[in-house]
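The values are calculated or read from the model by the stated rules, or taken from the named source; none is laboratory data. Predicted, not measured: the structure shown is a model, and the values here were computed from it. In this analysis, Cβ positions are derived from the backbone assuming ideal geometry, glycine residues included, and neighbour counts consider all displayed protein chains. Accessible surface is based on the protein model in full, side chains and every heavy atom, while ligands, DNA and RNA are left aside. Shrake-Rupley method; radii C 1.70, N 1.55, O 1.52, S 1.80 Å.
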Amino acid sequence: MHLVKSIATGLLLTGSVLASAVPKPAPVAQAAKEHRHSAHKIAPKVFIVSMFKPEAAVWWNIPEFDLFAHNITVPGASPIYPDVYCTADYSICQLITGEGEINAAVTVSAVAFSPLFDLTHTYFLIAGIAGVNPKIATIGGVTFARYAVQVALQYEIDIRDLGPNYTSPYIPQGAYAPGQYPGSIYGTEVFEVNAELRSLAASFARTAQLADSETAKTYRAKYATENGIYTAGTQGPSIVECDVSTSDVYFSGTILDDVFDNTIEVLTNGTGVYCTTAQEDNATLEALLRAASHNRTDFSRIIVMRTASDFDRPHPGESAIENLLYADQGAFEPAVQNIYNAGIKVVEGILDGWNKTFAAGVKPSNYIGDEFGTLGGKADFGPGRTMALQEGNAMKKRGIAKRGRRL
């Protein structure tokens, strides 16, 4: 979830609808008991992953299916969102992670390792809002990622404490200057998902009619420049295949956006295209990857879809603080609505093509997984499995070599 002050206006306008859509808690215990004693595990074809209530509620009370048919309490899920919702035949389910990396990792792990579910053939649709880079896409638009990059997993020194030669407060861990490849790797920095599946999902979404607002149209027009650097940002909402950053730090402004744009380029060996900024995706993907390594999920069946609720940087003549906290960009409600508008086409595309295509799976031609090669294959980013594992030795890099006096 990447959300600015637009949540205030968005929730004021949509609050009554969201409140009325909250599922009733009564069936929860019954549903959990039912599946605790059942010989059959719940095996959804599609699992919608939402991060907070507005993203989730756009799927409720829709004509296509009823997610309130079953409420299933999952131990370890968010204390705010403890239930998984499923349709009557369990073909579609939804979980709400809670916002931020820790909430996402714990909730998704709880579901992925729950004995209630068989997720080995399930497609996960990560569907939330995000900030957007006007060089690549625009507010209200819908993006599908191949790479998710944890951009803030770096050293940070206040720029005022650095010398005049530094233009960034961030230095990759184990490196000595901005723009270098990290010398210390945790393994969650980059995930790559199925590019063929991404393109299929984007093709389904392109059949949707996307929502917009007059306020958003007016605001995006302010990104017009003589050199055309933000041309994409001035256009109407569309479907774009580009990549997502993950950071609990809610960054904004041209300087940091350029820093993290460069981070994505470095960490993906120049392949990734930064366009959206969110707070959960790498955490969700790490949980699903660990589950896949135990044959509980299929990592080739993940779609990362983000709709753009706000620009990640100001337009010319606007301050970063104005853009972040005060400007009415008019895109929160269209972005939330477009989760459904585009997402329903993806869900229907998978279900309609289940027997012909999706039951067997969509074979990726690209590498999928993390930097360590946990699921096998050779990553097309990073220094290679052997060196990545060596550089992932945190005790060597941090405990002994750099901080031995503290042991």
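For the pair segment 92-132 and segment 147-179, the centres of their Cα atoms are 30 angstrom apart.
Relative contact order of segment 46-400, taken over Cα pairs closer than 8 Å and 6 or more residues apart, is 25 percent.
Per the Debye formula on identical point scatterers at the alpha carbon atoms of segment 140-255, with no solvent, log10 I(q)/I(0) at q = 0.18, 0.21 Å⁻¹ is -1.10, -1.17. From most to least packed by mean Cβ count within 10 Å, the peptides 151-157, 201-207 give 201-207, 151-157. Counted over segment 46-400, the DSSP beta bridges are approximately 40% antiparallel. Whole Å is fine, so just give me how far the alpha carbon centre of segment 214-291 lies from that of segment 356-386. Distance between centres, Cα-based: 23 Å.
Each peptide in 282-290, 171-179 gets a packing score, the mean of other Cβ atoms within 10 Å over its residues, and the list from highest to lowest is 282-290, 171-179. Its residue count N fixes a reference of 2.2 N^0.38 Å for segment 34-100, and the Cα radius of gyration divided by that reference is 1.09. Dipole of segment 46-400 computed with +1 at Lys/Arg Cβ and -1 at Asp/Glu Cβ about the Cα centre; of 213, 136, 254, farthest Cα towards the positive end is 136. On a per residue basis, segment 46-400 carries 38 Å² of accessible surface, using protein heavy atoms and a 1.4 Å probe. Past 31 Å, Cα to Cα, is the threshold; run 53/135; 53/356; 45/378; 135/356; 45/135 against it and keep the listed order. Result: 53/356; 135/356; 45/135 exceed 31 Å. Estimated at 0.36 nm per residue, the fully extended path between residue 355 and residue 226 surpasses their Cα-Cα distance by 41.4 nm. For segment 46-400, the fraction of 1.4 Å probe accessible surface lying on carbon and sulfur atoms is 53 percent. Computed over all pairs of different Cα atoms, the Kirkwood value for the hydrodynamic radius of segment 57-200 is 18.7 Å. When each of the peptides 336-349, 298-311 is scored by how many other beta carbons lie within 10 Å of its residues on average, the order from highest to lowest is 298-311, 336-349.
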